[in-house]
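In what follows, a single structure is set out as structure tokens and then discussed.
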Amino acid sequence: MPTATTDDGVTLHYEETGTGTPIVFVHEFAGDARSWEPQLRHFGQRYRAIAYNARGYPPSAVPETVEAYSQNRAADDIAAILSHLGLPSAHIVGLSMGGFATLHFGFRHPARARSLTVAGCGYGADPAERDNFRAEGANTVAFIREHGMSAFAARYAYGPTRVQFANKDPRGFVEFLQQLAEHSALGAINTQLGVQRERPSLYNLTAEMCALTVPTLILTGDEDWPCLAPAILMKQTIPTAAMAVMPNSGHGINLEDPAQFNRIVSDFLAQVDAGRWPTRDPRAMTASITGMR
């Protein structure tokens with residue numbers, strides 16, 4: 001079983017397929033490397049496609065202390081995967097928690113990012129909802145401690161931005177639910193406390209976004225309500241960002257509609273690799289609608 005070791009000694013399980021330009025897929029809180037199977041099959045035909053389990057997600061190591069988990073460590077773990085594989089850079093594709101890690105990777109390691117795909121990113125970012133966000137995180141931790149992962153999966157998987165997946169693809173949803181139930185309770189708790197709860201609001205990162213020059217795709221489902229406004233924020237603030245919205249879609253868009261997700265990301269990567277990805281024309285950011293002011 002292939003593993004990479006981070007600078008703080010945590011082993012990360014990864015898998016890869018295909019050859020060519022590398023892509024690293026970074027999973028969400030409710031997923032793991034298996035969540036990227038439709039993407040590994042698709043992109044592995046044209047790229048060197050890599051997915052890994054974050055710390056806290058077996059067979060990656062599960063550090064016992066919360067201090068071993070943070071947003072910065074999540075971003076740096078992507079770099080650890082690249083370094084282990086001898087890759088100077090790669091396209092980085094992340095969903096939700098993985099989308100936050102991907103964005104922060106762009107902040108911390110911009111020279112190692114050929115591009116960033118930041119998907120389903122934004123839950124808890126609204127400053128007005130920060131207290132609710134942290135309270136929900138505390139409730140999640142308490143529920144897992146009391147009831148375990150199987151009960152948590154059965155409840156969490158039917159949230160308001162997950163039911164779209166259940167309705168579209170019942171068979172795929174059952175597989176997602178089963179895999180979530182297999183996660184480490186300790187890993188889920190520490191990830192929630194160290195990464196999710198403590199990550200900074202996107203609205204406090206606009207200076208970093210303005211300075212980001214890596215080609216960036218912001219991708220979200222149109223029924224992923226907590227992520228819509230933050231997606232627009234990122235589109236407006238990152239000068240190299242484009243935004244795509246998948247219709248009638250919730251949060252787990254890479255599994256909910258893999259064909260559409262793969263097509264959008266494929267088109268983006270093709271433009272980047274062709275050297276045709278633009279930086280936004282400053283004239284597009286005027287407050288005037290007609291340009292006549």
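Values in this text are rule-based calculations from the coordinates and carry no lab data. Since the model is a prediction, treat every value here as computed from it, not as a measurement. Cβ: placed from backbone, ideal geometry, glycine included. Neighbour counts: every protein chain shown.
Among the trypsin sites (Lys or Arg not before Pro) found in the range 1-78, those both in a DSSP coil and sparsely packed, with 16 or fewer other Cβ atoms within 10 Å of their Cβ, are Arg46. Here r is the Cβ-Cβ distance between Ala154 and Ala185 and R0 is 22 Å; the resulting FRET efficiency, rounded to 0.05, is 0.95. Dividing the mean sequence gap of close Cα pairs (under 8 Å, 6+ apart) by how many residues the chain holds gives a relative contact order of 19 percent. Within the listed set Asp32, Asp257, Asp273, the residue fluctuating most in the Gaussian network model of the chain (springs between alpha-carbon atoms under 10 angstrom) is Asp273.
From the alpha carbon centroid of the range 10-45 to that of the range 168-216 is 15 Å. Once you order the gyration tensor axes a ≥ b ≥ c over the Cα atoms, which shape class does the range 229-280 get: rounded for a/c under 1.5, otherwise prolate or oblate by comparing a/b with b/c? Note, shape of the range 229-280 comes out oblate.
Going by a ≥ b ≥ c, the root eigenvalues of the Cα gyration tensor, does the range 91-210 fall in the rounded group (a/c under 1.5), the prolate group (a/b larger than b/c) or the oblate group? Judged from the Cα gyration tensor, the range 91-210 comes out prolate (a/c at least 1.5, a/b above b/c). Contact order for the range 1-41, expressed relative to its length and based on alpha carbon pairs under 8 Å spaced 6+ residues apart, stands at 27 percent. The shape of the range 3-285 can be summarised by an equivalent ellipsoid whose semi-axes, obtained from the alpha carbon gyration tensor, come to 26, 21, 20 Å from longest to shortest.
So the label point goes 7 Å from the Cα of Thr279 along Cα→C-beta, right? Which residues of the range 216-259 then have their backbone N under 20 Å from it? Flagged as within label range: 216-218, 234-243.
Fewest neighbouring Cβ atoms within 10 Å first, the residues Thr279, Thr3, Thr216 line up as Thr279, Thr3, Thr216. From the largest down, the range 1-145 spans 44, 30, 28 angstrom on the principal axes of its Cα atoms. Springs between Cα atoms under 10 Å define the GNM used for the chain, and in it the highest mean-square fluctuation of Gly20, Gly99, Gly148 occurs at Gly20.
For the pair Glu64 and Phe143 in one chain, pulling the backbone fully straight at 0.36 nm per residue adds 26.6 nm over the alpha carbon distance.
Calculated FRET efficiency, Gln236 to Ala259, Cβ-Cβ distance, R0 = 25 Å: about 0.30 to the nearest 0.05. For the chain, set up a Gaussian network in which alpha carbons nearer than 10 Å are linked by springs, and say which option among Gly120, Gly137, Gly98 fluctuates the most. For the chain, modelled as a Gaussian network with Cα springs under 10 Å, the answer is Gly137.
With no solvent and one equal point scatterer per Cα, compute the Debye intensity ratio I(q)/I(0) for the range 1-65 at 0.27, 0.30 Å⁻¹ and report its log10, rounded to two decimals. Evaluating at q = 0.27, 0.30 Å⁻¹ gives log10 I(q)/I(0) of -1.12, -1.24.
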